[in-house]
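Okay, so here's the structure we're looking at.
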Amino acid sequence: MSGPDATDRALVRALAELDRARAVVLVEGVSDQIAVEAAASGRGRDLDAERVVVVPIGGAHALGGFLVRHGLPATGVRLAGLCDVGEERVFRRGLAAAGVGEPRTRADLARLGFHVCVDDLEDELIRAVGVAGVEAVFDVAGDLGPFRSMQAQPAWRGREPAVQMRRFLGSGSRRKLRYARLLVEAAVGRDVLPRPLDAVLAAV
């Protein structure tokens with residue numbers, strides 16, 4: 001799934017499943033949705049059979065309105081979620097505005113089932129898999145050559161490999177979505193799934 005309307009299409013599909021959901025995992029975007037679903041699959045879980053729906057809400061600022069609009073705080077559905085560290089305060093305010101507790105700290109968020117990626121999910125996955133491991137994934141996917149070309153560009157030459165990798169992953173929506181799955185699969189295979197992904201699955 002890619003393109004400018006990828007989030008809208010993913011959201012429509014997820015919303016169609018809300019009525020039967022036992023638990024709902026709220027994430028910022030489609031790449032996060034892919035990562036959570038890939039992590040669950042890698043751990044042998046069938047979220048569809050478990051009636052767990054992963055919803056890309058289209059950004060952290062949409063959280064409170066989404067919860068209220070769909071009446072989720074009052075339905076008894078188990079809620080969980082994932083956000084980037086830069087959006088942590090936005091998630092806290094959104095949950096509070098929707099009546100889902102009063103999370104003042106990261107620990108409060110975790111108790112509600114919401115977990116924070118530092119700096120973001122791509123960064124978490126790069127640190128978990130390691131530079132050499134990510135390069136191996138790039139190689140298998142046919143992207144090691146393009147990555148080396150980017151590393152040689154004046155703007156990126158000499159930068160930390162992990163920083164270069166984050167830039168490479170974020171340089172196109174299709175690439176970001178593709179590697180959300182590939183890097184999660186690599187992390188699961190090495191048994192190094194990032195803590196926020198592990199925790200959000202445990203919450204549902």
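Binning every alpha carbon pair distance of segment 123-189 at 5 Å from zero, what are the percents per bin?
4, 18, 32, 29, 14, 3, 1
What size of dipole, in debye to the nearest 20, comes out for the chain about its Cα centre when the only charges are +1 on Lys and Arg C-beta atoms and -1 on Asp and Glu C-beta atoms? Spell out each step's value before the answer.
On the way: 28 positive and 27 negative charges, 35 e Å.
Result for the chain is approximately 160 debye, rounded to the nearest 20.
Using alpha carbons only, how many degrees (0 to 90, rounded to 10) separate the axis of helix 30-42 from the longest principal axis of the chain?
So the helix axis and the longest Cα principal axis differ by about 90 degrees.
For the chain, treating each Cα as an identical point scatterer without solvent, what Debye log10 I(q)/I(0) comes out at q = 0.10, 0.12, 0.18 1/Å?
At q = 0.10, 0.12, 0.18 Å⁻¹ the computed log10 ratios are -0.42, -0.60, -1.25.
Report Rg (one decimal) and Dmax (nearest whole number) for segment 68-115, counting Cα atoms only, units Å.
10.1, 29
One-quarter of the Cα convex hull surface for segment 24-129, in nm²?
Values: hull surface 26.1 nm².
Mean orientational projected area (segment 24-129, Cα hull): 6.5 nm².
Which angle between 0 and 90 degrees, to the nearest 10, do you get for helix 173-189 versus the longest principal axis of the chain when only C-alpha atoms count?
The helix 173-189 is inclined about 90 degrees to the chain.
³J(HN,Hα) across segment 78-91 via Karplus (A = 6.51, B = -1.76, C = 1.60, θ = phi - 60°), whole Hz, x for Gly/Pro?
Here the 3J(HN,Hα) series is 6, 10, 8, x, 9, 9, 7, 4, x, 10, 4, 5, 5, 5 Hz.
Compute the angle between helix 131-140 and the longest alpha-carbon principal axis of the chain, please, reported from 0 to 90 degrees and rounded to the nearest 10.
80
For Val68 and Arg174, what does the FRET efficiency come to when R0 = 30 Å and r is the distance between their Cβ atoms, rounded to the nearest 0.05?
Values: r = 33 Å, r/R0 = 1.10.
The pair Val68/Arg174 has a calculated efficiency of 0.35.
Using amide H atoms built 1.01 Å from N in the peptide plane, name the residues 5+ places from Ser171, or on other chains, whose amide H lies under 5 Å from its own.
none
HN-Hα J couplings of segment 106-112 from phi, Karplus 6.51/-1.76/1.60, θ = phi - 60°, integer Hz, Gly and Pro as x?
Per residue, the Karplus-derived 3J(HN,Hα) values read 5, 5, 4, 4, 4, 5, 8 Hz.
For a protection proxy built on the mean count of beta-carbon atoms within 10 angstrom, sort 197-204, 27-34 highest first, please. Walk me through the numbers before you get to the answer.
On the way: 197-204: 19.8, 27-34: 25.2.
The peptides rank, most packed first, as 27-34, 197-204.
Taking 0.36 nm per residue of separation and subtracting the Cα-Cα distance, what length does fully extending Ala141 through Val85 add?
Values: separation 56, 0.36 × 56 = 20.16 nm, distance 2.88 nm.
Using 0.36 nm per residue and subtracting the Cα-Cα distance, I get 17.3 nm.
Students often check this: by mean Cβ neighbours within 10 Å, which of 68-76, 98-106, 54-62 ranks highest, and how do the rest follow?
On the way: 68-76: 13.4, 98-106: 15.2, 54-62: 20.0.
Put in order of decreasing packing, that is 54-62, 98-106, 68-76.
Per residue of segment 190-203, what does 6.51 cos²θ - 1.76 cosθ + 1.60 with θ = phi - 60° give for ³J(HN,Hα)? Whole Hz please, x for Gly and Pro, Karplus curve as stated.
Using θ = phi - 60°, the values come out as 9, 6, 10, 4, x, 3, x, 5, 4, 5, 5, 5, 5, 6 Hz.
No value in this document is a laboratory result; all are computed from the given coordinates. Every value quoted in this text rests on a predicted model; they were computed, and no experiment measured them. Neighbour counts are summed over all protein chains in view; Cβ atoms, including those assigned to glycine, are modelled from backbone coordinates with ideal geometry.
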